[in-house]
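The structure appears right after this line, and notes come after that.
The values are calculated or read from the model by the stated rules, or taken from the named source; none is laboratory data. It should be emphasised that the depicted structure is a prediction, and the values quoted were computed from it without experimental measurement. Positions of Cβ are generated from backbone atoms using ideal geometry, with glycine treated the same way; all protein chains shown enter the neighbour counts. The protein model used for the area step is the full one, side chains on, heavy atoms only, and it has no ligands, DNA or RNA in it. Shrake-Rupley method; radii C 1.70, N 1.55, O 1.52, S 1.80 Å.
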Amino acid sequence: MKYFQYINGELFIEGVAISKIASEIGTPFYCYSSTKIESEYKDFSDAFSKINSTICYSVKANSNLSVIRTLSNLGAGADVVSGGELLRALKGGVSPQKIVFSGVGKTDQELEMAIESDILQINAESLSELSRLNIIAEKYNKIPKVGIRVNPDVEAGSHDKISTGRKEDKFGIDWENVGEIFVANKNFKNIKLVGLAIHIGSQLQSLSPFEEAFKRLEELLTTLMSENHKIETIDLGGGLGIDYSQDLVLKISEYSKLVTKYFGNYDCNIIFEPGRRIVGNAGILIAQVICIKPGIEKQFVVLDAAMNDLLRPSLYGAIHEIIPITNNGPKSPKVLADIVGPICETGDIFATGIKLTNISEGDLVAINSAGAYGAVMSSFYNSRPLIAEVMVKDNNFEIIRKKLDISSLLNYESMPNWIKT
Ligand SMILES: Cc1ncc(COP(=O)(O)O)c(C=O)c1O
């Protein structure tokens, strides 16, 4: 099934015309295909059906409750990195026994929440975290299961800002020091060290960084096991890239072969934390052209969506394909244009120097592959509202997050007496 396609020149998501949603709710808005999310999850879980595994959808990629619920209905677990995400995962119907909590700086309150909720595993990233966990667990009279996030010191080969497994990155415990942590842990009576975890980066387009990290992790695993440390879980993180615009895309079957080669023979639960791969290509951002402004060398197509709605192009120089919602009528000449938002920042650009046909003021466009790290990174910058999110299933659509208007934001603000007139 094609989830996004033109039918008689009109862009549809599943069985619903984008123009129909736009005319009912206005623009801009995010729109997700529920069936595509389900299909991506099934592809991932099918690839690991023969090994003992838990697939923990990485909630940070898209934390809308309807997205989480769609996945938990299929049996997915969740990878969370804050108390807020933990709350969302639980509200989204994820079993606590399928939740892992990652993150380099969990607060005591967040650790308390994780311990109280009896989650599958807390991935600790420092000795100080283990020590705090030990104290908190005693208070709750519980023995939480803990994994150690290992920094394997490998280059992910993706963007600098989403590479997380090099020794200069803040994440994890240097692989050479993990043995000492297991020894030190003997002093912590209230936690049970059960596993090792890695996550080397996001949007990986080659297997080789994974292989490098897996080699190091396996070495560590055999050493720890030979020293009689019992390892029950191996958490391999997320990171599989998606196709943004003819990018090289890793085949899940190849990734699964690699995982099986390194870890298939261990009697362990293999945990995966895919985010982008599950939701990235299942969502688009719909915007309207406010104006087309001629410049000296090129035109500027100004949209009503901006960097506060989709930050990736400004933050990472990420490239998202942009297509018109209506693709019929006589073809006008291609014009060289920058597609920009209305925010007062030169960096508020969605695409530089692209050629568009058939684009006029008032037209709608779709910014593709915006299902991951889109809505979750949005902000109120320039006092712009948070835009609506819509989910489509077959011929139906529902608003799954209402637009958050500025008046509700203003309700959270108050003025001290000394500046009131
Ligand atoms: C610990 C951890 N796990 C999983 C993920 C999800 O990564 P991706 O969306 O690339 O699969 C991330 C993303 O940064 C992460 O930090």
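Has the range 363-383 got at least one residue that is more than 27 Å from residue 15 (Cβ to Cβ) and among the charged types (D, E, K, R)?
no
Do you know which residues across the range 401-421 are in a loop (DSSP other than H, G, I, E, B) and either open to solvent by 100 Å² or more (accessible area, probe 1.4 Å) or touching a residue at least 60 places away in the same chain (Cβ under 8 Å) (or both)?
Scanning the range 401-421 gives 402, 403, 411, 412, 413, 414, 415, 420, 421.
Restricting attention to the range 137-156, and to residues there that are over 24 Å from the mean Cα position of the chain (by Cα) and open to solvent by 10 Å² or more (accessible area, probe 1.4 Å), which single residue is farthest from the ligand (Cβ to nearest atom)?
Checking each candidate, the answer is 141.
Filter the range 191-236 for residues that are within 16 Å of the ligand (Cβ to nearest atom), over 15 Å from residue 263 (Cβ atoms) and in a helix (DSSP H, G or I) and give the result.
The answer is 209, and nothing else.
Restricting attention to the range 354-400, and to residues there that are assigned to a strand (DSSP E or B) and touching a Leu at 6+ places or on another chain (Cβ under 8 Å), which single residue is farthest from the ligand (Cβ to nearest atom)?
Step by step, filter the range 354-400, then rank; the result is 355.
Condition first: assigned to a loop (DSSP other than H, G, I, E, B), in contact (Cβ under 8 Å) with a residue 40 or more places away in the chain and within 29 Å of the chain's Cα centre (by Cα). Now tell me which residues in the range 162-190 satisfy that.
If the condition is that a residue be assigned to a loop (DSSP other than H, G, I, E, B), in contact (Cβ under 8 Å) with a residue 40 or more places away in the chain and within 29 Å of the chain's Cα centre (by Cα), then 165, 170, 171, 172 are the ones that fit.
Go through (1) open to solvent by less than 40 Å² (accessible area, probe 1.4 Å); (2) under 15 Å from residue 382 (Cα atoms) for residue 350 and report which single condition fails.
Exception for residue 350: condition (2).
If residue 272 meets every condition in (1) within 17 Å of residue 57 (Cβ to Cβ); (2) of a type in the set (Phe, Trp, Tyr); (3) open to solvent by 10 Å² or more (accessible area, probe 1.4 Å) apart from one, which number is that one?
That leaves (3) as the condition not met.
Scanning the range 192-243 for residues that are polar (S, T, N, Q) and in contact (Cβ under 8 Å) with a residue 24 or more places away in the chain, which turns out nearest to residue 77 (Cα to Cα)?
Applying the filter and picking the extreme gives 233.
Does residue 184 fit the bill of being within 30 Å of residue 135 (Cβ to Cβ) and within 16 Å of the ligand (Cβ to nearest atom)?
When the stated conditions are applied, residue 184 does not pass them.
Would you check which residues across the range 184-213 are among the hydrophobic types (A, V, I, L, M, F, W, C) and over 23 Å from residue 126 (Cβ atoms) and list them?
Answer for the range 184-213, where residues must be among the hydrophobic types (A, V, I, L, M, F, W, C) and over 23 Å from residue 126 (Cβ atoms): 204, 207, 210.
Would you mention how many residues in the range 99-114 are in contact with a helix residue (DSSP H, G or I) (Cβ under 8 Å, 6 or more places away or on another chain) and crowded, with 22+ Cβ neighbours inside 10 Å?
Residues in the range 99-114 being in contact with a helix residue (DSSP H, G or I) (Cβ under 8 Å, 6 or more places away or on another chain) and crowded, with 22+ Cβ neighbours inside 10 Å: 5 in total.
Taking the conditions exactly as written (more than 14 Å from the chain's Cα centre (by Cα) and open to solvent by less than 10 Å² (accessible area, probe 1.4 Å)), does residue 68 satisfy them or not?
So residue 68 does not fit the description; no.
When you scan the range 354-366, do you find a residue that is open to solvent by 30 Å² or more (accessible area, probe 1.4 Å) and under 28 Å from the mean Cα position of the chain (by Cα), even just one?
Yes, some residue in the range 354-366 is open to solvent by 30 Å² or more (accessible area, probe 1.4 Å) and under 28 Å from the mean Cα position of the chain (by Cα).
Yes or no: residue 252 aliphatic (A, V, I, L, M), over 16 Å from the mean Cα position of the chain (by Cα), buried (at least 23 other Cβ atoms within 10 Å of the Cβ) and within 16 Å of the ligand (Cβ to nearest atom)?
no
Criterion first (over 30 Å from residue 224 (Cβ atoms), of a type in the set (Gly, Ala, Ser) and away from the ligand (no atom under 16 Å from the Cβ)) does residue 282 satisfy it?
Judged against the criteria, residue 282 is not a match.
Inspect the range 160-170 for any residue being touching a Pro at 6+ places or on another chain (Cβ under 9 Å) and hydrophobic (A, V, I, L, M, F, W, C) and give the result as yes or no.
no
For the structure I just gave you, tell me whether residue 271 is touching a residue at least 40 places away in the same chain (Cβ under 8 Å) and within 13 Å of the ligand (Cβ to nearest atom).
Here the answer is yes, as residue 271 does meet what is asked.
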